[in-house]
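Read through the structure below, which is laid out as structure tokens, and then see the notes.
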Amino acid sequence: MKVAERLLGERGIGAVSLREIAAAAGQRNNSAVAYQFGSRQGLIEAVFEYRMARNDERRRAMLAAMPPQPGTRDLLEAFFLPMAESIGHDDGVSWHARFLRQVVFEPGFDVFAPGRLDVSTGLRAVITGLSHRLAHLPGPIRGRRLLQVWQMVIHSLADHEAQLAHRAAVMPIPLLVADLVDCAEAVLVAPVSADTRRELDRIGRNGD
């Protein structure tokens with residue numbers, strides 16, 4: 001799975017065959033990956049869920065330590081920090097964030113699919129909490145901003161991970177996360193302009 005994470009994170013999920021993954025992992029039997037995981041999609045799911053389980057365990061622990069009504073920054077830290085903490089600490093150079101960038105934005109890939117409930121409980125709770133904190137925003141805008149934050153974080157962490165792998169000077173993870181939280185909070189709480197409300201009215205979507 002680590003070899004698959006590296007190759008998929010480096011080249012994309014459509015550019016790597018099971019045969020290549022088996023060879024890179026030192027498997028003489030080219031069918032070993034297919035036998036173990038059934039298909040390339042099965043392998044992708046296994047890597048994703050393996051990482052998600054570890055991240056979500058950390059996220060649930062952070063949520064459990066929060067007050068009953070956590071603030072936006074608390075929730076954003078629980079959102080980002082578990083992913084950021086995995087960068088560069090697993091057998092040296094990590095590929096986790098770059099793998100996520102290749103996978104989670106693929107059309108049809110649903111992070112919250114029913115089969116992933118056991119590895120997405122904490123993430124679901126964070127998204128629900130943030131949605132409640134943003135209840136004053138029109139529904140379409142609220143959903144779009146949460147998606148923008150998700151995209152911003154994944155791409156930022158993947159870029160940071162790539163820079164770290166190339167020994168480039170990078171800011172420490174705590175500083176990176178603090179700045180990402182600042183940026184994400186600004187995106188989420190930005191007022192809805194008159195122009196945006198006018199466009200929502202035009203398409204009849206100014207409410208939920």
## Note on the structure
Reported set for the range 1-33 where residues are touching a residue at least 40 places away in the same chain (Cβ under 8 Å) and not in a helix (DSSP H, G or I) is MET1, GLY12, ILE13
### Query
Name the pairs whose Cβ atoms lie under 7 Å apart, with the first residue in the range 158-170 and over 12 Å from GLU10 (Cβ atoms), the second in a helix (DSSP H, G or I), and 6 or more positions between them or separate chains?
HIS160/LEU176; VAL170/HIS160; VAL170/GLN163; VAL170/LEU164
### Query
Quick one: which helices (runs of 4 or more DSSP H) sit completely within the range 94-203 and have at least 1 residues that are open to solvent by 70 Å² or more (accessible area, probe 1.4 Å) and either of a type in the set (Ser, Thr, Tyr) or farther than 22 Å from LEU43 by Cβ (or both)?
117-133, 139-165, 173-189, 194-203
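So in the range 38-88, with the set limited to residues that are of a type in the set (Gly, Ala, Ser), part of a loop (DSSP other than H, G, I, E, B) and open to solvent by 30 Å² or more (accessible area, probe 1.4 Å), which one is farthest from ALA184 (Cα to Cα)? First the steps, then the outcome.
Narrowing the range 38-88 to residues of a type in the set (Gly, Ala, Ser): 38-39, 42, 46, 53, 61, 64-65, 71, 78, 84, 86, 88.
Keeping just the survivors that are part of a loop (DSSP other than H, G, I, E, B) gives 38-39, 65, 71, 86, 88.
Then keep just the ones that are open to solvent by 30 Å² or more (accessible area, probe 1.4 Å); that gives 38-39, 65.
Details: GLY38: 38, SER39: 36, ALA65: 22 Å.
Looking at residues that are of a type in the set (Gly, Ala, Ser), part of a loop (DSSP other than H, G, I, E, B) and open to solvent by 30 Å² or more (accessible area, probe 1.4 Å), I get GLY38.
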### Query
Out of all the residues in the range 181-202, is one or more free of Cβ contacts under 8 Å to residues at least 40 places away in the same chain and closer than 27 Å to ALA53 by Cβ?
no
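Look through LEU76, LEU7, LEU81 and report the one residue that is in contact with a Leu (Cβ under 9 Å, 6 or more places away or on another chain) and among the hydrophobic types (A, V, I, L, M, F, W, C). Break it down into steps so the answer makes sense when it comes.
Details: LEU7 fails: in contact with a Leu (Cβ under 9 Å, 6 or more places away or on another chain); LEU81 fails: in contact with a Leu (Cβ under 9 Å, 6 or more places away or on another chain).
Checking each option against the conditions leaves just LEU76.
The values are calculated or read from the model by the stated rules, or taken from the named source; none is laboratory data. Not measured: the values here are computed from a predicted model. Cβ: placed from backbone, ideal geometry, glycine included. Neighbour counts: every protein chain shown. All accessible areas refer to the heavy atoms of the entire protein, side chains included, with ligands and DNA or RNA removed. Shrake-Rupley method; radii C 1.70, N 1.55, O 1.52, S 1.80 Å.
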